[in-house]
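Chemist: Got a structure here, written out as structure tokens. Questions coming.
The values are calculated or read from the model by the stated rules, or taken from the named source; none is laboratory data. Please read these numbers as outputs of a predicted model, since none were measured by experiment. Counting neighbours? That spans all protein chains shown, and the Cβs are built from the backbone with ideal geometry, glycine included. Ligands, DNA and RNA are excluded from the accessible area calculation, which covers all protein heavy atoms including side chains. Shrake-Rupley method; radii C 1.70, N 1.55, O 1.52, S 1.80 Å.
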Amino acid sequence: MFISRGKSLLSLAGKVLLARSTPASNASSMKLGIFSPSLFPHKRFSTGSAQCATIKLDYFNIRGFAEPIRMVLHCGGIKFEDVRSPLPSWPPKMAESDKAKYRWGQVPMVSIDGKELYQSLAITRFFARQCGLVPQDPYLAALCDEYVDTQREILIAWVPAVFADTASKKRLLCEEIYRLTTPRYLNVLEKIIKESSSGEHLVGDKLTWADIYMAYVFDHVEKLTEFDVIKKHPSIKKACDAVWNEPNIKKWKDSRPATPY
Ligand SMILES: N[C@@H](CCC(=O)N[C@@H](CS)C(=O)NCC(=O)O)C(=O)O
């Protein structure tokens, strides 16, 4: 079962790769007709090929867990249908009849030529790999995973402030969470980026999905809490700015639907 699933995902991955419609900004001239994991360079590339997989992303009309997926897809120039259901409540709670439509009763869900994939990190990583945003070196790829998992911990740490019901509670929680997360997370990330070869990326000297995830998390938390989380961390700020200035991501950020969450 696993083998046949693996095979079908491999062929899906090939189709997604070919689905890239517009070349990423610093694309090399490399052209690939078939998918081969060993051909993925740790850089972005262009296939120049026409769309041949239909990709549909199902989520609510918010940024949330779908936003890093959207950022990666836009970064790689992969065309997709951005299906946004109205937000039923905040936090989102689906009706049981809607839950039954999804394997784990939750979104985001992506369908690639009708084949479904769930869990936002798995989806983000899947597309990141297609776009050359996952390093080829297995250790560097795992470092990206480590930093993305860490970003999810940071996001979770800020949840109480996001959902605080009064402005004063929100402010107090922000200060407390900032105090607790600074030595454990922010200072460590700052050092990693500062000491990196580029001085503006988390892993290696190129943009990876770990940078994209980090930029999403800090932007999202800052918007939802109105608290300047990275004000005292210039290297984190520089790495996030590099993500937001990536031409395809910038175009997306400037044109994406304005949503409160
Ligand atoms: N681990 C899942 C979590 C997904 C999740 O929490 N989805 C929420 C929206 S952000 C949802 O579908 N909520 C509706 C519900 O649970 O009824 C992932 O990362 O994709």
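Chemist: Outside the structural domain of Gly204 (by TED's automatic domain parsing) and over 23 Å from Val159 (Cα atoms): which single residue out of Lys101, Lys93 fits that description?
Modeler: Working: Lys93 fails: over 23 Å from Val159 (Cα atoms).
Just one listed residue meets the conditions, Lys101.
Chemist: Related question: Can you pull out every residue in the stretch 116-128 that is more than 7 Å from the ligand (Cβ to nearest atom) and surrounded by fewer than 20 Cβ atoms within 10 Å (Cβ to Cβ)?
Modeler: Hits for the stretch 116-128 are Glu116, Leu117, Ala122.
Chemist: Every residue in the stretch 192-217 that is out of contact with any helix residue (DSSP H, G or I) (no Cβ under 8 Å at 6 or more places or on another chain) and charged (D, E, K, R), please.
Modeler: Glu195, Asp205, Lys206
A quick yes/no check of all residues on (1) touching a residue at least 24 places away in the same chain (Cβ under 8 Å); (2) farther than 30 Å from Trp90 by Cα:
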position: Val148; (1), (2): yes, no
position: Leu155; (1), (2): yes, no
position: Thr166; (1), (2): no, no
position: Ser196; (1), (2): no, yes
position: Val203; (1), (2): yes, yes
position: Asp211; (1), (2): yes, no
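Chemist: Taking Lys223 and the conditions (1) surrounded by fewer than 19 Cβ atoms within 10 Å (Cβ to Cβ); (2) in contact with a Ser or Thr (Cβ under 8 Å, 6 or more places away or on another chain); (3) outside any loop (DSSP other than H, G, I, E, B), which numbered condition does it fall short on, given that it satisfies the others?
Modeler: It is condition (2) that Lys223 fails.
Chemist: Can you name every one of the helices (runs of 4 or more DSSP H) wholly within the stretch 112-207 that holds 3 or more residues which are under 29 Å from Val83 (Cα atoms)? It would help to see each step written out before you state the result.
Modeler: Values: elements: 120-130, 138-162, 167-181, 187-194.
Filter on the stretch 112-207 gives 120-130, 138-162.
Chemist: Another question about this same structure. If you go through the stretch 95-111, how many residues are under 20 Å from Thr54 (Cα atoms), in a loop (DSSP other than H, G, I, E, B) and within 18 Å of the chain's Cα centre (by Cα)?
Modeler: Qualifying residue count for the region: 2.
Chemist: How many residues does the stretch 99-115 hold that are in contact (Cβ under 8 Å) with a residue 12 or more places away in the chain and within 8 Å of the ligand (Cβ to nearest atom)?
Modeler: 5
Chemist: Please determine, by comparing only the residues of the stretch 58-101 that are open to solvent by less than 60 Å² (accessible area, probe 1.4 Å) and of a type in the set (Gly, Ala, Ser), which one is nearest to Ala258 (Cα to Cα).
Modeler: Out of the qualifying residues, it is Gly64.
Chemist: Of everything in the stretch 246-261, what is modelled with pLDDT of 95 or more, surrounded by 12 or more Cβ atoms within 10 Å (Cβ to Cβ) and part of a loop (DSSP other than H, G, I, E, B)? Give them in sequence order.
Modeler: Once the filter is applied, which keeps residues that are modelled with pLDDT of 95 or more, surrounded by 12 or more Cβ atoms within 10 Å (Cβ to Cβ) and part of a loop (DSSP other than H, G, I, E, B), the stretch 246-261 yields Glu246, Arg256, Thr259.
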